[in-house]
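The values are calculated or read from the model by the stated rules, or taken from the named source; none is laboratory data. Every value quoted in this text rests on a predicted model; they were computed, and no experiment measured them. Positions of Cβ are generated from backbone atoms using ideal geometry, with glycine treated the same way; all protein chains shown enter the neighbour counts. For the accessible areas, the whole protein counts, side chains as well, though only heavy atoms, and no ligand, DNA or RNA atoms are used. Shrake-Rupley method; radii C 1.70, N 1.55, O 1.52, S 1.80 Å.
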Amino acid sequence: PADRPAEGLHVVITAGPTREPLDPVRYLSNHSSGKMGYALATAAAALGARVTLISGPVALPTPAGVERLDVESAREMHDAAQRLAGDCDLFIGCAAVADYRAEAPAEHKLKKQEGEDTLTLRLVKNPDIIAAVAARPDRPFVVGFAAETRDLAAYAHDKLARKGLDMVVANDVSRVGLGFGADDNAALLLWREGDTTGQADLPPQPKAELAEAVIRRALECLTPPAGD
Ligand code: C5P
């Protein structure tokens, strides 16, 4: 088939938020809708890839032809990512992973304490899922996301270097109608090109189109066109 540049490749994508339990009925989480990660999975499958979606809790249907692994906490997502990372060509970390979890989730439902107006929760850092994938000797091509409210390019360059990524999709989440929960998004794409950094500005567009542009660019980096 003509336009299936991802044929034969396995793409693994993390999407959505994570949930970090506080007790059996409560958790810490965030407002990630999972829309961008699901759009990436849809686009990669349409371009011919085998796609595994590691998904936090979201209210979205599984894209056709995509294998979906449901997880809740960052540690579950990390374990799933490590199981799959050695067996994929492209890894995209699109999940909004909780940076911290409760150090010791309560075994039973926490009760209001009589006469106490405050409650102190002790949090510990979660693993950096994408950095751990990028640190593997058998690493796939690794694409990360950066959501920033200022100094987009500077933070994106820093993320590329600090996490050892091959590409960063950076978006300005302070722009109204774009990003978190929205159907449209815009992004600055940065990728390693030998010793320099390639760059592309993707204007505001539906997440489906942006997702396809990101996948196509990653595929070009992964398998440069033959003949030059
Ligand atoms: O560090 P920060 O959260 O800004 O980085 C965002 C990128 O790192 C995203 O690609 C996100 O999926 C990934 N990430 C991760 N594990 C974490 C935190 C972020 O994979 N614990």
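Once you keep just the Cα pairs under 8 angstrom separated by 6 or more residues, what percentage relative contact order results for the chain? Don't jump to the answer; show the numbers that get you there.
On the way: 479 pairs, mean separation 43.1, N = 228.
It rounds to 19 percent for the chain.
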Under the definition of Cα pairs under 8 Å and six or more residues apart, what whole-number percent is the relative contact order of segment 158-226?
23 percent
Output for segment 120-205: trypsin sites (Lys or Arg not before Pro) sitting in coil per DSSP, at most 16 other Cβ within 10 Å, listed by number, reads Arg122, Arg150, Arg175
Leu69 accessible area, assembled protein chains, probe 1.4 Å, Å²:
60 Å²
Considering only protein heavy atoms and a 1.4 Å probe, what is the carbon-and-sulfur percentage of the accessible area of the chain?
50 percent
Across segment 194-206, in residue order, what do the Karplus-derived ³J(HN,Hα) couplings come to in whole Hz, using 6.51 cos²θ - 1.76 cosθ + 1.60 with θ = phi - 60° and x for Gly and Pro?
x, 8, 10, 10, x, 8, 9, 9, 9, x, x, 6, x
The answer for Val51, listing residues at least 5 apart or on another chain whose modeled amide H is closer than 5 Å to its amide H, is Val11, Glu67
Could you sort Arg50, Arg136, Arg83 by accessible area so the largest value comes first, with the probe set to 1.4 Å?
Arg83, Arg50, Arg136
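What accessible area per residue comes out for the chain, rounded to a whole number of Å², with a 1.4 Å probe? Each step should come with its number before you reach the end.
Working: 12100 Å² over 228 residues.
Each residue of the chain exposes 53 Å² on average to a 1.4 Å probe.
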Using a 1.4 angstrom probe and counting only protein chains, how large is the accessible area of Asp201 in Å², to 10?
120 Å²
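Roughly what % antiparallel, to the nearest 5, for the DSSP beta bridges in segment 76-194?
On the way: 7 of 18 bridges.
Antiparallel: roughly 40 percent of the beta bridges in segment 76-194.
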Relative contact order in percent for segment 1-73 (Cα pairs under 8 Å, 6+ apart) equals 38 percent
Taking +1 at the Cβ of each Lys and Arg and -1 at the Cβ of each Asp and Glu, which of Pro21, Leu90, Thr196 sits farthest along the dipole of the chain towards its positive end, judged by Cα position relative to the Cα centre?
Pro21
Please work out how much accessible surface Cys221 shows to a 1.4 Å probe, ignoring ligands, DNA and RNA, in Å² rounded to 10.
40 Å²
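Take the Cα radius of gyration of segment 56-107 and divide it by 2.2 N^0.38 Å, with N its residue count; two decimals is plenty.
Details: Rg = 13.1 Å, N = 52, 2.2 N^0.38 = 9.9 Å.
Output field value: 1.33.
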Any chance you could check the Cα centroid distance between segment 16-65 and segment 143-197 for me, in angstrom?
19 Å
Cα extents of the chain along the principal axes, largest first, in whole Å, come to 74, 35, 34
From most to least accessible, 1.4 Å probe, no ligand or DNA/RNA atoms counted, His108, His78, His10 line up as His108, His78, His10
Expressed to one decimal in nm², the mean projection of the alpha carbon convex hull of segment 95-228 is 12.5 nm²
Rounded to the nearest 20 debye, dipole of the chain from Cβ charges on Lys, Arg, Asp, Glu:
360 debye
Bridge orientation stat for the chain from DSSP, antiparallel percent rounded to 5, came to 40 percent
